[in-house]
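In what follows, a structure is listed as structure tokens, so that the remarks can point back to it.
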Amino acid sequence: DNDGGVKNDGEKQLALRANTRMRPHENLLIQFNSSLTTTELSNVPLGNTVESLVLTANRGDQSYVSTRSGDALNTLVKQRNFTDTNRFVSGVTFSFTPSTSFTHRLTLGYDYSQFEGRQVFPYAWRNQFGGGRYQDLGSIDRISNQNILTSVDYVGTLGFALKSNLASTLSWGFQGLENQEETVYASGDDFPGPGEYTIRSTARREGYQDQLKVITGGFFVQEMLALADKYFLTLGLRVDGNSAFGSGLGLQPYPKVSMSYVLSDESFWPESLGGMKLRAAYGLAGRAPGAFDAVRTWNPVGWGETQAAFQPGNLGNPQLGPERTSELELGFDATFLSQRLSADFTYYSRTTSDALFRVNRPATEGGWSSQLENVGEISNSGIELSLNGAVLDMASFRWELGAGISTNKSEVISLGGAPPFSVDDGGWIIEGQPAPVIRGWKVENFWEKADPVITRNYLFGPNYPPRIIHVNTAFTLLGGITLSGRGEYQGGAFARSQLEGATMRRTIPFAHCFDAYRRVDPSWKLGPPGSELGVPAGSGADLYAWERAHCFGMASSDLEVRPLDYFELRDITLNVPVSSLLPSLTRWARRADLTVSWRNVWYTTNRELMVGHPEMNETDRRPGGGAHELVKAIQESLPPASYFTISLRTVF
């Protein structure tokens, strides 16, 4: 039972889990696993919506409710929005082991989820505001979605010796997945009066229903050879099919090969150097398009008062197939200083061919929406390195320290002849640039006290961080008490701040400009409409170029691109082994641990114009998707909450 950061925000969740095993025969093990989770959410709308609390507070008199008054904000908080989710997951696994070298495993799975969302604007809710759909008589929206996922998964293995020092393990299997989804939406406007609000009680109603079924299947075979327990070679092939593929594509093969070498097991390797394993792998994987991306669709619409009609929807592409990604990995796992220090390193190079991009269609073709096509090629490469070690290791005190870095360089190699295109929120797909790259206006003389020099269509950089650094530490005290912490730095990414841009485009004063307003007019204060200031170019006011551009009249969302560099102390956790400190408790429990954790403790950012937390963002995915149509933008939302959790875990 959790209260949120805004009035009337809350969550109630119940989770039940049950697992059992039975062995009717010495060679047969049957496992049943089931879980049931129910969640009830109540929230005030945030983000870029008409009823958003943050949007209204920022835009004030130019918001959708035309006021920043306390009464207006209090009314927004009184909205009734509910989301209820029920999920039941069950599965049974049969493990048949005729011998230790010959095994079979068959798993049957069932996953049912049901989602329901309700939004109610009561009778007379916005009679003091008016405008838009939400008039004096109120409205109600209700959406219901159910998803049924059934699966079958079989794996067989056979191990045998080819020679005295050469072992073979052959694996084979198949997988099948069917996903059925149904969505029903209904809405109504104009209640006859206050009371229990239902769609039937409204004067005007509408609704729709969608159904979807996707079937995916495939099989695989794999062979692993082990020589002298030091040299390992794995060869594998997976073949997949999907009902969303275009006609004539059939099954798609994805081979793989991997090798590893335990170098430290060689006689020439000094034992004092510790352990060392080298590894390499190469393989292919695929990603299917959406269920209806390959077929031509039409959208039903009304015509006049009584006639039914349709308009163009998805153009369709009978040659549409999956993305194919090939990846090479090289690395090592090592231990040093009598295993007090461990290191893991991986270099990867990934190339995605036939990348799924949604390409805009010319209006002369008849008004079709953008069509998903296999036109792109994207490369990603980088490293992943982690180090963990014991700085001090004494009888009553132990200090462990770890650090790691991961990098990623993304580049659009080819668009198959398609021109560069936008994927919304300032994100673009351009050959030779990251996918996506953020494009906007740059103030070249940012910190000069002069008129701004603007470069338009400037490519700032990737939308996702090209480097992430994490650190962690843990102290173990007398009695087994541990205190640990974890922090993370992300850098090199950019995003458009819709939170600021949408406000300042309307010439509404914004927090990071208050100081500039006062330097122009010391008597300035946030006031009613008409109090906003303007500064003519070359006025001689003591203003930086960025202040002239951002705060006084440039009014373009292309100016509001922000760096997303930040460091955050993610958590601090204290773990107390109660049963070890109080041995008398072992009479009723073998072990009991008390854990207290503080999450999202503290953060710092590059605060050049940045307002709020860099993770005040939401992603924008167009209908039908595409592997790379995903852009982060800073929106009118709340940052992750800082909170404590206390838990007690016992083993009987």
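No value in this document is a laboratory result; all are computed from the given coordinates. This is a predicted model, so every value here is computed, not measured. Methodologically, a virtual Cβ is constructed for each residue, glycine included, from the backbone with ideal geometry; neighbour enumeration extends over all protein chains shown.
Which order, highest average first, do 150-161, 499-510 follow once you tally other Cβ atoms within 10 Å for each residue and take the mean per peptide? Present the calculation step by step, with values, prior to reporting the outcome.
Working: 150-161: 14.8, 499-510: 20.5.
Output ranking for 150-161, 499-510: 499-510, 150-161.
Structure shown: which of LYS12/LYS525; LYS7/LYS409; LYS78/LYS632 lie over 32 Å apart, alpha-carbon to alpha-carbon? Intermediate results must be reported in sequence, preceding the final value.
Numbers: LYS12/LYS525 42 Å; LYS7/LYS409 42 Å; LYS78/LYS632 29 Å.
Going by Cα-Cα distance, LYS12/LYS525; LYS7/LYS409 fall outside the 32 Å limit.
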**Per-bin percent of Cα-Cα distances, region 1-77 [10 Å]** = 16, 27, 17, 13, 11, 9, 6, 1
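Under a Cβ-Cβ cut-off of 12 Å, what is the net charge of the residues other than PHE32 that fall near it, where Lys and Arg count +1 and Asp and Glu count -1?
Once all neighbours under 12 Å are counted, the net charge is +2.
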**Prompt:** What's the center-to-center distance, using Cα atoms, between region 446-499 and region 181-248 in Å?
**Reply:** 34 Å
**Asked** Packing-wise, with mean Cβ within 10 Å as the measure, how do 18-31, 511-524 rank, highest first?
**Response** 511-524, 18-31
**Asked** Taking only the alpha-carbon positions of region 85-213 and ignoring solvent, what does the Debye formula give for the base-10 log of I(q)/I(0) at q = 0.12, 0.18, 0.21, 0.23 Å⁻¹?
**Response** -0.67, -0.97, -1.11, -1.20
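Just the Kirkwood number for region 1-155, please: inverse of mean 1/r across all distinct Cα pairs, in Å, one decimal.
Taking the inverse mean of 1/r over all distinct Cα pairs, region 1-155 comes out at 19.5 Å.
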**Asked** Hey, got the dipole for region 185-286? About the Cα centre, +1 on K and R Cβ, -1 on D and E Cβ, debye to the nearest 20?
**Response** 220 debye
**Request:** In square nanometres and to one decimal, what's the mean projected area of the convex hull around the Cα atoms of region 382-534?
**Result:** 16.1 nm²
**Message:** For LYS230, give me every one of the lysines with a C-alpha distance below 21 angstrom, ignoring sequence neighbours fewer than eight places off in its own chain.
**Reply:** LYS163, LYS256, LYS277
**Principal axis box of region 144-275, alpha-carbon based, largest edge first, Å** = 88, 45, 23
**Asked** FRET efficiency for SER580 and LEU341, Cβ-Cβ distance as r, R0 = 41 Å, nearest 0.05?
**Response** 0.90
